[in-house]
Amino acid sequence: MQEVALKNILKLDDREFLVSTISMNVRHSFFEGDAQKVVYETMVFEILNDEVQFHHPIFNERYNMAEEAIAEHSAILKTPHNFFIL
């Protein structure tokens, strides 16, 4: 398992967003061995009045491989309009 914890602030015009990619264990296991499974998740939250809007993500995607999650995190930072509409 590759541990992933990426956090970046993205500024678009006069708005700010938190782009977060993390690794996490699957907490619900239906099959033998699922308890050790790791998934990777990227989420984007708007920042309003210096507070991250954790309750309202504007982008959310899960991945099976760390490399895929890291690549998508970087792509969001480079071309955010390809991933979410403002």
**Q.** Residues with amide H under 5 Å from that of Glu16, placed H, sequence gap 5 or more
**A.** Ile47
Q) Stokes-Einstein at 25 °C, 0.890 mPa s, Kirkwood radius from Cα pairs: D for the chain in µm² s⁻¹? A) 178
Q) What nm value, rounded to one decimal, do you get for the distance between Ser74 and Ala5 when each label is placed 7 Å out toward the C-beta? A) 2.2
Q) What does the helix-only formula give at 222 nm for the chain: each DSSP H stretch with n ≥ 4 adding -39500 (n - 2.57), the total divided by the residues, and the result rounded to the nearest 500 deg cm²/dmol? A) -5000 deg cm²/dmol
Q) Along the charge dipole of the stretch 5-81, Cβ charges K/R +1 and D/E -1, which of Ile9, Asn49, Ile70 sits furthest on the positive end? A) Ile70
Q) Measuring from a point 7 Å past the Cα of Asp13 along Cα-to-C-beta, which residues in the stretch 50-86 have an amide N at less than 11 Å? A) 86
(Q) Only Cα pairs within less than 10 Å get springs; with that Gaussian network setup on the chain, which residue of Asn25, Asn49, Asn60 has the largest fluctuation? (A) Asn49
Q. Stretched out fully, how many nm does the piece from Phe84 to Glu41 gain, at 0.36 nm a residue minus the Cα gap?
A. 13.9 nm
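Bear in mind that the values in this text are calculations on the coordinates, not laboratory data. Being a predicted model, the structure only gives us computed values, none of them experimental. Glycine also receives a Cβ, built like all others from the backbone with ideal geometry; neighbour counts cover every protein chain displayed.
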